[in-house]
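Here is the structure we will look at.
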Amino acid sequence: MPAFQNEQSLSGRVVFQYFYDCGGEVVLEKVPLEKIKVVHRVAPKRLRVLAPKYEEVGLQPLEVDLGVKHIDGHGAKVQGRIFPIGVIEIYIVIEFKNSNLNDLIKLVRLDERPVKVSGSEIEFESLTHEYFEGLMEIIKPALVSPYPAFKRPESYTLIMITNSTPKLKAQDFLVRFRKQTAGILRGEKEWRKLSSKEVEDALKTYLSYSEDDIVIVDWYSALMSGAVNYMDDFEHMIELAKIQLLELKTYDRLLDMRLERAYDSLYAVFTGARVGMLWGRRWYGKLALAAGELAEWRVEVTDLVEDMRNILKFTGDWYLGKLYRISSERFRIQDWLALVDRKLGQLQELYAMAMERVDVHRAMTLELLIILLIAIEVILAIVIGFK
């Protein structure tokens with residue numbers, strides 16, 4: 001097998017992405033812009049249109065410049081994106097030039113170990129979390145519809161090769177240097193030891209528009225080469241799928257909390273007193289309130305899920321739409337959607353069961369009242385008759 005690192009000189013950038021849940025939606029118009037440095041991007045000129053606009057999905061972010069950091073001797077540009085859906089992305093960009101395979105793999109693995117920043121050694125994620133906390137403090141006035149935030153970030157790495165000498169074509173990554181490419185995607189310095197099955201898994205999800213460009217989407221990273229003017233578009237489509245994954249995990253956890261609450265309520269209903277007016281009034285009121293909260297929650301989650309499903313309508317069958325689709329398949333977006341749907345159904349069934357039980361006991365209470373009224377009427381009739 002050719003020695004990739006000896007034959008090729010690679011230039012480009014590595015982007016470390018961290019997506020954080022904000023615990024609520026963000027009204028961008030309420031963000032105090034005087035406290036942040038907003039980035040205004042100029043769209044590059046393109047020779048072709050790869051997809052219709054997808055601004056309609058409401059995921060166009062406010063981009064923020066967070067400055068430059070020196071991380072393990074690398075000059076790193078730090079930026080953030082604030083999404084209306086309630087997600088903050090912190091991403092760190094490190095450029096590489098005339099690098100070989102080993103240099104690139106070492107750079108890709110940078111976020112897997114403690115790094116030196118300003119003379120101190122810290123975990124890579126601690127650095128991004130610090131920036132996230134800083135932005136959260138600023139955007140607090142803009143948060144609406146709050147809920148318990150999902151604490152664990154979604155991370156991803158983009159390897160963007162903008163130049164290679166000699167020039168690499170799409171098939172070179174898939175055939176000629178397939179094991180080395182898998183090593184880059186997996187950040188595996190012992191790439192020669194990768195099994196053929198592992199290499200196949202790393203490279204199985206890809207798109208190539210021409211012979212000169214390729215996008216390979218793996219679990220933890222994606223590699224792009226060629227089509228330099230379109231790399232931002234490629235990045236945004238993968239970014240969209242990652243944001244969806246984070247939000248679905250967030251709602252899955254919140255639904256778990258609701259399910260636990262529903263089970264607690266049902267346990268109290270099924271183990272409590274069985275009859276009585278006071279029982280009916282107390283528990284019917286409590287469960288009716290919970291059911292109302294559930295109905296509101298179902299509408300909110302269902303709207304989010306439907307918005308996620310409808311994104312495909314905006315991207316269509318164009319190239320970027322295909323990239324979104326293979327990314328969502330790689331990240332198992334449909335599996336998470338199905339899981340959320342199933343838990344929503346479980347909640348509905350549990351509360352319907354509880355309300356049915358309460359209604360049964362209310363009916364029994366009404367029957368008891370009717371019997372008492374009849375008995376009182378009979379007694380009164382007897383008393384009047386004796387007079």
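The values are calculated or read from the model by the stated rules, or taken from the named source; none is laboratory data. Note that the coordinates shown come from a computational prediction; the quantities given were computed from them, not determined experimentally. Virtual Cβ from ideal backbone geometry, glycine too; neighbours counted across all protein chains shown. Each accessible area value is taken on the protein alone, full model and side chains, heavy atoms only, with ligands, DNA and RNA left out. Shrake-Rupley method; radii C 1.70, N 1.55, O 1.52, S 1.80 Å.
Below, the figures for the structure above:
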{"item": "Quarter of the Cα convex hull surface for region 51-176, i.e. its orientation-mean projected area (nm²)", "result": "10.9 nm²"}
{"item": "Whole-number D in µm²/s for region 163-263 (Stokes-Einstein; Kirkwood sum over Cα pairs; 4 °C, 1.567 mPa s)", "result": "83 µm²/s"}
{"item": "Extension gain from Met257 to Lys77, taking 0.36 nm per residue of separation minus the Cα-Cα distance", "result": "61.0 nm"}
{"item": "Two-site label geometry, Val39 and Leu174: point separation in nm, points 7 Å out along Cα→Cβ", "result": "3.1 nm"}
{"item": "Extension gain (nm, one decimal) between Glu123 and Ser145, 0.36 nm per residue minus Cα-Cα", "result": "4.7 nm"}
{"item": "Distance (nanometres) between label positions extended 7 Å along Cα→Cβ at Ile371 and Val383", "result": "2.2 nm"}
{"item": "Among the listed pairs Lys69/Lys116; Lys97/Lys322; Lys37/Lys140; Lys204/Lys343, those beyond 20 Å (Cα-Cα)", "result": "Lys97/Lys322; Lys204/Lys343"}
{"item": "In Å², nearest 10: area of Arg342 left accessible to a 1.4 Å probe", "result": "130 Å²"}
{"item": "Sulfur and carbon atoms: percent of accessible area, region 87-210 [1.4 Å]", "result": "46 percent"}
{"item": "Whole-number percent relative contact order across region 106-250, with pairs defined as alpha carbons under 8 Å at least 6 apart", "result": "23 percent"}
{"item": "Full-extension gain in nm, Ser9 to Lys193, via 0.36 nm per residue minus C-alpha separation", "result": "64.0 nm"}
{"item": "Accessible area (Å², 1.4 Å probe, nearest 10) - Trp318", "result": "120 Å²"}
{"item": "Placed amide H near Leu66: partners under 5 Å, 5+ positions off or other chain", "result": "Val78, Gln79, Gly80"}
{"item": "Label-zone membership for region 149-189, site Arg109, 7 angstrom Cα→C-beta point, backbone N under 14 Å", "result": "183-189"}
{"item": "Rounded FRET efficiency, nearest 0.05, which uses the C-beta distance separating Ile138 from Asp65 and R0 of 22 Å", "result": "0.95"}
{"item": "Net charge of neighbours whose Cβ lies under 15 Å from the Cβ of Gln79, counting Lys and Arg as +1 and Asp and Glu as -1", "result": "-2"}
